[in-house]
Each structure stands twice: as C-alpha cells, then as structure tokens.
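Note sheet for the following structure.
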Amino acid sequence: MQEDATNVLFELLHDELISYVYSNDIDMKSKQISILESHGFRIGQSLAEQLTKDSSRFKDELEIMKFVCRDFWSAMYQKQVDNLRTNHQGVYVLQDNCFKLLKRISSGKQYLEFAPRFLAIPCGFVRGALANLGINSIVTAEVISMPAVKFQIMIQRV
Amino acid sequence: MTIHLLHIYDRNGNSLFAKEWSRKKSSNLTKVEEQKLLFGMIHSIKSFVTKMSPKDGKEGFISYTTSRYKIHFYESPTGLKFILLTDIFVGNIRETMKKLYSSVYVEFVVRNPLCPLNEPIRSSLFETKLETFMTGLSFFEDSN
Amino acid sequence: MSKQTRAFDNKKLVGELFTLTYGALVSQLIKDYEKDEEVNKQLDKMGYNIGIRLVEDFMARSNMGKCQDFRETADVLAKMAFKMYLNITPTIANWSPANDEFSLMLDNNPLVEFVELPEDRSKLNYSNVLCGAVRGALEMLQLEVEAWFPRDSLKGDNVTELRIKFIRKLTDALPAGED
C-alpha cells in the first residue's frame with residue numbers, strides 16, 4: 001500500500017520545524033531539544049484526546065501503555081511498537097525497530113549524531129499522549145543503530 | 001547483459017552521484033572531466049534530438065547504441081538526469097529508469113532531510129538501496 | 001485485553017497531525033519574531049523548502065510529465081496536488097485576460113482548522129507556507145511564479161484566495177565551460 005501523501009507533507013514540515021529551531025542562535029543544544037519536545041507534547045496531547053474521545057477509561061497504567069504502543073503508534077507511524085518492557089516500578093521501554101522518522105535517513109551509524117533532533121518531537125508526542133491520559137512522565141530516546149529506537153518512559157509519581 | 005555505470009546529475013549539470021559496476025576499460029579521463037563531457041554530450045544530443053523532431057513529442061532522447069555499449073537516459077520532470085551505461089543487449093528500460101528515480105532517489109534522497117538536494121549524495125543508505133535495486137534487475141550481471 | 005483496537009479514520013488523523021504541527025511552527029515563529037512581515041517571510045521560505053522536495057514526491061506518485069501550459073498547471077495544482085496532500089480541491093477562478101494569473105479559492109483551509117488570529121497580528125499571513133510551497137514546486141518545473149493571499153478568511157474575508165502569477169520560464173544553467 002502506498003503511503004498517505006499527507007504524511008509526506010507532515011514529515012517535510014516536521015523537518016522544517018527542526019531545521020528552523022536549529023538555525024536559531026541558541027548556544028545550548030538541550031534548549032533546542034526542549035523547544036521541539038514541548039511542541040511535540042502539545043501535539044501529542046491533542047491527538048491522544050482525539051483518539052480516546054469515544055473510548056472507555058483504561059483499567060490501569062499497563063493498559064494505557066498498550067494503547068500508546070498499538071493505537072497511538074499506528075495512528076502516528078502506521079505501525080505498532082515492536083516491543084514493550086517494564087521493570088514494574090514505573091519504567092517502560094518501547095522499542096521500535098524501524099522508526100518511521102529515521103528509516104530514510106540511515107541504517108546504521110551514519111548521521112547518528114543527528115538522531116536526537118529527529119526524536120525530540122516524537123518524545124514529546126509520547127509524553128503529551130500520556131499526560132492526556134493522566135500520567136506524568138519523562139520520556140527519552142536512545143539510538144544505537146538507526147533506524148531502531150528505544151523510548152524510555154519514566155512515570156513521575158507525585 | 002551488464003550494467004557498466006550510472007550517473008545522476010542535477011538540472012544544472014552538477015554531478016550528484018556516480019557509480020561503476022563492471023567497467024574493464026577506463027576512459028583515461030579524470031573523473032571530473034568525464035562527468036563534464038558526459039553531461040555535455042547528453043545535453044547536446046538531447047537538445048538536437050528535440051530540434052530535429054518532425055512532431056512535438058513529450059519524450060525526446062531515450063537511448064543511443066554503439067557497437068559496444070548503450071546509453072539510457074531519463075530526465076525527471078524536475079530536470080534530474082539519470083544516465084545508465086549498459087551493454088548493447090539491454091532493451092528499452094524506460095520504466096526501470098523511472099523507478100530508479102521514484103523509488104530510490106525520491107525515497108532516500110528527497111525524503112532524507114540530511115541530504116541537500118543540490119550536493120553530491122553522501123548517504124550510505126541511498127547507496128545500499130541503489131545497490132539492491134540494481135543487482136535485482138534482470139539485466140544486472142556481476143562480471144567482476 | 002479488555003480493549004479492542006479501534007479503527008481510526010487515519011486520513012483524518014494524519015491531517016490533524018499536520019495541522020497541529022503547522023500550528024506549532026507558526027506559534028514558534030510568532031514567539032521569535034515581533035513583526036508579522038518577518039513571520040510571513042519565514043513561512044514563505046519554509047514553504048519553498050517543502051515545495052522543492054514535495055514536487056519530487058508528487059512526480060514520483062503521479063507519473064506526470066511537464067504541463068503544456070499555465071492552464072494545465074492550474075488544473076494539476078488544484079485537482080491533483082492540493083487534493084493529494086491537503087485533501088481539498090480548490091476552485092480555479094479569476095483568470096487574468098493574458099492567462100498568466102489565476103486564483104485558487106480555498107473553501108476550507110486545513111491549515112487554519114483550530115486557529116483564531118490574535119488581534120495584534122493583523123498582518124500575519126497564517127497560511128503563507130502555501131505560497132512558498134507552490135513557488136518552490138513550480139520553480140523545480142522551470143516556472144517562476146509569485147504567490148500571495150489577497151484574501152484570507154482568517155482576516156474576515158468571506159473566502160481564502162491564493163493568487164498565483166506567472167513571471168517567466170526558467171532555463172537550465174549549464175556548468176561553466178560547457179559551451
């Protein structure tokens with residue numbers, strides 16, 4: 001099946017947002033990541049709202065994680081997360097072996113230093129989606145070899 | 001059947017990518033000279049072929065054949081030029097050339113935000129995908 | 001599992017993802033630039049960058065050749081490109097007598113779905129990315145055009161009008177020393 005054309009447009013826009021934020025004179029790299037992440041957060045929140053609009057409440061935290069891995073991921077990236085793990089103490093690891101926003105960039109280590117900028121918004125997506133479902137978290141991403149990504153979610157309990 | 005080399009140029013004749021597969025004899029030119037001469041020749045043939053045409057047609061120059069090799073030419077509507085040099089037994093590969101543009105170049109250069117469009121292609125993913133595409137062609141024969 | 005995997009309207013959701021991302025981009029620019037003119041300029045520039053890549057994707061998908069004239073260009077833009085990427089089909093209107101200028105009337109503009117323009121941003125052309133995208137895409141097809149919004153429903157007009165004017169046909173430059 002051919003990819004939806006609007007998706008291509010989204011990806012190009014996503015790339016423009018990144019290169020714009022990176023073209024600005026900000027001396028700290030972490031600042032740029034955090035600007036992008038917070039945009040992702042707001043977008044993720046709205047989309048999770050749309051997705052869960054007419055569904056009943058989730059039973060527990062694990063159910064919500066499964067929702068993120070299946071429904072949310074399918075809606076955003078047209079595939080599901082390949083593997084979900086948890087230490088049962090509030091840490092979840094979502095592994096996507098072929099992450100959509102990296103799969104045309106590299107297979108391996110070339111351009112690895114650029115991976116964080118393409119994962120900032122997606123990390124925000126996850127944090128935003130979870131926030132919309134009542135979970136506060138910190139989401140980070142780790143890449144050892146593209147296009148595989150491990151998203152780590154740390155639940156923040158107050 | 002054999003593929004000898006592939007060359008990709010942007011609309012202004014800058015070389016974006018070149019690769020050789022089985023080429024037993026070199027042209028004795030430097031890489032840059034060869035690139036320039038090849039582009040210049042193709043450009044001249046293309047414009048002359050169009051001038052000579054007795055009718056208006058969408059597609060002018062497609063290929064030429066010598067006793068030793070054949071050059072296939074495809075230009076995207078956006079002016080990218082793909083030149084493939086094969087042996088003389090390869091037939092009309094217009095569709096293959098289009099596919100090379102749409103499923104390799106567009107997928108792995110245009111849609112890779114780290115590949116500038118008017119600079120030589122450095123992505124190794126592109127090279128890998130290109131290699132898979134080429135070696136998968138029915139007329140690819142690795143004689144090295 | 002107590003939950004069933006729901007079937008979403010994926011096309012709609014991807015559209016929303018795009019619209020929200022665009023909103024994020026504009027909000028960032030508004031934050032960074034005081035002057036609306038600067039924001040407009042940035043949006044146009046980004047649109048251009050998108051356009052020059054998008055046109056390749058369009059050609060790869062549609063298997064189209066070059067258009068024969070500007071009328072055909074208008075048709076392909078409205079009925080194929082806008083339809084394919086934004087899921088809308090603008091009406092083509094207001095051709096100039098010389099056939100070198102036309103308008104695309106956007107009855108509903110997906111970019112502004114969740115937007116209200118702040119009062120102090122009256123010169124902001126919210127959808128300016130479209131001008132740049134059209135300009136960039138057509139430039140790759142050797143058509144130099146100007147594109148702008150004479151009317152915008154966000155500013156109280158009853159329609160959003162994207163005007164496109166043909167400037168000239170471009171020719172390929174040859175590398176130095178080729179002649």
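Against the test of being surrounded by 13 or more Cβ atoms within 10 Å (Cβ to Cβ) and either on the phi > 0 side of the Ramachandran plot or more than 14 Å from every other protein chain (Cβ to nearest Cβ) (or both), the options B:19, B:51 yield a single qualifying residue, B:19.
Among the residues of segment A:47-73, which ones are within 22 Å of residue C:21 (Cβ to Cβ), surrounded by fewer than 19 Cβ atoms within 10 Å (Cβ to Cβ) and within 9 Å of chain C (Cβ to nearest Cβ)? Within segment A:47-73, A:50 is the sole residue that qualifies. Restricting the search to helices (runs of 4 or more DSSP H) fully inside segment C:1-91 and requiring at least 2 residues that are facing another protein chain (nearest Cβ under 7 Å) gives C:10-32, C:36-62, C:82-86. The condition of being surrounded by fewer than 22 Cβ atoms within 10 Å (Cβ to Cβ), at pLDDT 95 or above, closer than 22 Å to residue A:9 by Cα and within 14 Å of chain B (Cβ to nearest Cβ) does not hold for residue A:104. Inspect all residues belonging to segment C:127-146 and state whether any of them is in a strand (DSSP E or B), away from chain B (no Cβ under 14 Å) and buried (at least 17 other Cβ atoms within 10 Å of the Cβ). Among the residues of segment C:127-146, at least one is in a strand (DSSP E or B), away from chain B (no Cβ under 14 Å) and buried (at least 17 other Cβ atoms within 10 Å of the Cβ), which makes the answer yes.
Hey, any hits in segment C:49-60 for a residue that's of a type outside the set (Val, Ile, Thr) and exposed (fewer than 15 other Cβ atoms within 10 Å of the Cβ)?
no
Applying the set (1) of a type in the set (Gly, Ala, Ser); (2) under 12 Å from residue C:163 (Cβ atoms); (3) in contact with a helix residue (DSSP H, G or I) (Cβ under 8 Å, 6 or more places away or on another chain) to residue C:137 leaves exactly one unmet item: (2). The set of residues in segment A:107-119 being buried (at least 23 other Cβ atoms within 10 Å of the Cβ) and aromatic (Phe, Trp, Tyr) consists of A:118 alone.
Within segment B:69-79, the residues that satisfy the criterion of being among the hydroxyl-bearing types (Ser, Thr, Tyr) and over 10 Å from the mean Cα position of the chain (by Cα) are B:69, B:76, B:78. Considered as a group, the residues in segment B:80-103 that are within 10 Å of chain C (Cβ to nearest Cβ) and buried (at least 17 other Cβ atoms within 10 Å of the Cβ) include one that is farthest from the chain's Cα centre (by Cα), and that residue is B:102. If you go through segment B:22-63 and pick out every residue that is touching a helix residue (DSSP H, G or I) at 6+ places or on another chain (Cβ under 8 Å) and in contact (Cβ under 8 Å) with a residue 40 or more places away in the chain, you end up with 0.
The values are calculated or read from the model by the stated rules, or taken from the named source; none is laboratory data. Remember, it's a predicted structure, so these values are computed and weren't measured experimentally. Methodologically, a virtual Cβ is constructed for each residue, glycine included, from the backbone with ideal geometry; neighbour enumeration extends over all protein chains shown.
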